[in-house]
Amino acid sequence: MTSAAGLLALLEEEHEQLKEHALKTLIDVVDHHWAEVAGCISVCEALYEDEDFGPRKYAALLASKVREASIALQCLRAVPLRSSLPGWSRVQT
């Protein structure tokens, strides 16, 4: 899969089964497409907040995974890698 756009579009459909399928599949591919999914995080959050939406646990899980990836990326950006860091020689070899 080269893009999550099709799955993200399914989240806007009326049928709950289509949304559930999209959420389950997005959970499986979010590690590779999290930036695309992050752009639709508000849709996932709205599905989770809708108490009439049966598979809302999948929306919560997907939103959680996207937020986790975003936090991890922010942490990586905050810590510059330098050769003076302890253990650097072990990492390089």
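Can you confirm whether Ile27 is modelled with pLDDT under 90, surrounded by fewer than 18 Cβ atoms within 10 Å (Cβ to Cβ) and under 12 Å from Val66 (Cβ atoms)? So Ile27 does not fit the description; no. Restricted to region 30-59, and to residues there that are touching a Leu at 6+ places or on another chain (Cβ under 9 Å) and outside any helix (DSSP H, G or I), the residue that is surrounded by the fewest Cβ atoms within 10 Å (Cβ to Cβ) is Gly39.
Of the residues making up region 6-22, those that are exposed (fewer than 12 other Cβ atoms within 10 Å of the Cβ) and assigned to a helix (DSSP H, G or I) are Gly6, Gln17.
The values are calculated or read from the model by the stated rules, or taken from the named source; none is laboratory data. It should be emphasised that the depicted structure is a prediction, and the values quoted were computed from it without experimental measurement. Ideal geometry is used to build each Cβ from the backbone, glycine not excepted, and the neighbour counts take in all protein chains shown.
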